[in-house]
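The values are calculated or read from the model by the stated rules, or taken from the named source; none is laboratory data. None of the values given here were measured: they were computed from a predicted structure. Heads up, the Cβs are rebuilt from the backbone with ideal geometry, glycines too, and the neighbour counts pull from every protein chain shown.
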Amino acid sequence: MTDASDIPIRVRPEIAALPPYKQGRQAGADAFKLSSNENPFDPLPGVVEALHAATAVNRYPDASAARLRERLAARFGVGTDSIHVGAGSVSILAQLVQATASPGDEVIYAWRSFEAYPWLAVVAGATAVHVPLTEDARHDLPAMAAAITDRTRAIIVCSPNNPTGPIVTQAEFDAFVVQVPSDVLVVLDEAYAEFVTDPAAVDGTRVLAAGAHPNVVVLRTFSKAFGLAGLRVGYAIGHPRILDAARSTSIPLSVTAQAEVAALASLDAEEDLLARVREIAERRDRLVAALRETGWRVPAAQGNFVWLPAGAETLSVAQAFDDAGLIVRPFAGDGIRISVGEEAAVEKVVRIAEAVVKDLPEGHAGLRVSVGS
Ligand code: PMP
């Protein structure tokens with residue numbers, strides 16, 4: 001934490017109090033980087049060729065990414081104004097929070113969830129209201145509904161939840177959204193939607209198609225399943241007037257032409273995409289089963305990552321992974337998120353998890369309680 005008196009200019013105190021951004025450690029040549037939920041596969045066919053052809057870097061990009069918006073609009077059966085493209089879905093989330101919440105207003109989200117949520121609320125000058133997850137690391141939507149006040153301006157629902165893994169079900173979301181005042185924005189963050197295999201999961205596109213809740217905006221990204229994290233491109237689907245408000249707060253021209261053509265090319269490679277997504281989901285399910293077998297109490301995992309509830313032992317457990325050449329993402333005092341990466345990493349992850357679980361004290365929250373005990 002920085003002491004505001006050390007800064008040579010006047011910085012808003014809530015900004016001065018924020019910890020500086022720290023990216024997960026980059027992996028050395030012999031380590032597996034399992035800390036950022038990236039896609040372990042090479043870019044989809046056609047992407048590199050499209051990038052090679054997009055060489056007019058002396059020109060600004062098309063400000064609205066019109067071709068990509070048209071393509072996504074056709075895919076989801078909506079008008080082009082119902083699609084907004086940003087430099088990563090996190091930048092669209094920042095725009096939506098900024099457009100809706102100012103000082104004194106409240107932004108509700110589950111916790112623990114994506115680290116950007118509290119940060120975005122603070123940067124907008126709003127008050128972050130976090131609602132604890134349930135025992136099994138799921139959103140507690142009734143508690144989130146109960147946290148709504150007349151100052152609530154935005155509510156973020158993350159399904160599957162980063163970093164813990166479980167989905168929100170369609171039934172849970174439907175029961176929740178009817179309790180939200182119609183002038184409060186609900187952002188359904190579906191960054192990992194493509195990896196979901198549980199048929200009960202909420203599907204934002206279905207919510208939008210039903211048309212009953214124009215205050216819901218769905219966020220998706222090309223960073224995860226589509227494997228374009230390095231190019232920064234994500235999108236929102238929702239009511240054109242809400243997306244106009246987001247567009248009004250955006251930094252112009254931040255989606256590059258390269259990001260746009262790569263996204264278009266990866267949309268052309270649908271079959272390859274689905275094959276990879278299936279492979280990652282299968283790898284994930286195998287990893288979860290093996291980790292549970294070792295004794296870890298791993299919550300349902302529906303993204304491209306798994307969660308070890310290591311609690312007070314988080315940093316020492318993460319160190320054991322690190323020592324074995326596995327870069328994971330620890331959240332001190334809470335748990336460890338491990339991305340589903342290369343096939344060769346799966347067995348290594350299980351081996352270390354098995355070795356460290358033995359050191360957890362009896363009755364530790366991260367330990368599976370066996371049936372009948
Ligand atoms: N939402 C969630 C839940 C995420 O985990 C992430 C990435 N970690 C994002 C949004 C942002 O993704 P991007 O900006 O790369 O689209």
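Quick look at the numbers
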| read-out | value |
| --- | --- |
| Some residue of the stretch 269-282 being closer than 28 Å to GLY79 by Cα and of a type in the set (Gly, Ala, Ser) | yes |
| Odd one out for ALA27, checked against (1) within 16 Å of the ligand (Cβ to nearest atom); (2) under 22 Å from GLY303 (Cα atoms); (3) in a loop (DSSP other than H, G, I, E, B) | (1) |
| Among residues of the stretch 333-373, those that are part of a loop (DSSP other than H, G, I, E, B) and within 27 Å of the chain's Cα centre (by Cα), counted | 8 |
| Sole residue being within 30 Å of ASP183 (Cα to Cα) and either of a type in the set (Gly, Ala, Ser) or touching a residue at least 12 places away in the same chain (Cβ under 8 Å) (or both), chosen from GLY295, GLY234, GLY230 | GLY234 |
| Matching residues in the stretch 72-105 - criterion: being touching an Asp or Glu at 6+ places or on another chain (Cβ under 9 Å) and near the ligand (Cβ under 8 Å from one of its atoms) | SER89, LEU93 |
| Residue, farthest from ASP285 (Cα to Cα), within the stretch 191-228, restricted to residues that are assigned to a loop (DSSP other than H, G, I, E, B) and aliphatic (A, V, I, L, M) | ALA212 |
| Single condition VAL217 does not satisfy, out of (1) more than 25 Å from ASP136 (Cα to Cα); (2) β-branched (Val, Ile, Thr); (3) surrounded by fewer than 24 Cβ atoms within 10 Å (Cβ to Cβ) | (3) |
| Selection count where residues are within 20 Å of the chain's Cα centre (by Cα) and at pLDDT below 95, scope the stretch 21-42 | 6 |
| Residues located in the stretch 157-185, provided they are within 16 Å of the ligand (Cβ to nearest atom) and in contact with a His (Cβ under 7 Å, 6 or more places away or on another chain) | VAL157, ASN161, VAL168 |
| Some residue of the stretch 74-90 being modelled with pLDDT of 95 or more, aromatic (Phe, Trp, Tyr), closer than 30 Å to ALA344 by Cα and not assigned by TED's automatic domain parsing to the domain that holds GLY311 | no |
| Positions within the stretch 54-70 being of a type in the set (A, V, I, L, M, F, W, C) and surrounded by 11 or more Cβ atoms within 10 Å (Cβ to Cβ), in sequence order | ALA54, ALA63, ALA65, ALA66, LEU68 |
| Complete set of residues in the stretch 106-118 that are within 15 Å of the ligand (Cβ to nearest atom) and touching a helix residue (DSSP H, G or I) at 6+ places or on another chain (Cβ under 9 Å) | VAL107, TYR109, ALA110, TRP111, PHE114, ALA116, TYR117 |
